[in-house]
Amino acid sequence: MDLKAYAPFTGLLIFGNIENLILSSQGAVAGVNPVTLLVLSLIAVVAWLLIGTYGTKMAIKYADYIEIIGGVAIILLGIQAMLEAFGIII
């Protein structure tokens, strides 16, 4: 496996994992059952791993667009998490 093929997606990998931590902490604060939260988080991580591994070959020519769209999604989810934390969004 050549890791150079994944280089354009490094930012999404790093910030996607940070976003997963933010969403997990939101679930913990909301009182979600920790085992349920663990299982759902693991499912999400494994799903993204599989999608990333097998989808990279098909999507490499669209890497720049995917990076932009993914970055915007991560920023919007982060803003939503912060607004919810301050009680601005219910």
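The values are calculated or read from the model by the stated rules, or taken from the named source; none is laboratory data. Quantities reported herein were computed from a predicted structural model and do not represent experimental measurements. Counting neighbours? That spans all protein chains shown, and the Cβs are built from the backbone with ideal geometry, glycine included. Remember, those area values only see protein heavy atoms, side chains included, never the ligands or the DNA or RNA. Shrake-Rupley method; radii C 1.70, N 1.55, O 1.52, S 1.80 Å.
One table, with the values for the structure above:
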| read-out | value |
| --- | --- |
| Isotropically averaged projected area of the chain, using the convex hull of Cα atoms (one quarter of hull area), nm² | 6.4 nm² |
| Net charge contributed by nearby residues that have their C-beta within less than 14 Å of A73 (K/R +1, D/E -1) | -2 |
| ³J(HN,Hα), Karplus 6.51/-1.76/1.60, whole Hz, each residue of region 6-14, x for Gly, Pro | 8, 4, x, 9, 4, x, 5, 4, 5 |
| 1.4 Å probe accessible area per residue over the chain, in Å² | 77 Å² |
| Helix 63-85 axis, angle to the chain major axis (alpha carbon atoms, nearest 10°) | 10 degrees |
| The chain - percent relative contact order, Cα under 8 Å, separation 6 or more | 48 percent |
| Nearest-ten-degree value, helix 34-59 long axis tilted from longest Cα axis of the chain | 20 degrees |
| Structure-based [θ]222 nm, the chain - -39500 (n - 2.57) summed over DSSP H runs of at least 4, per residue, nearest 500 | -27000 deg cm²/dmol |
| Apportionment of accessible area to carbon and sulfur, region 1-77, percent (1.4 Å) | 79 percent |
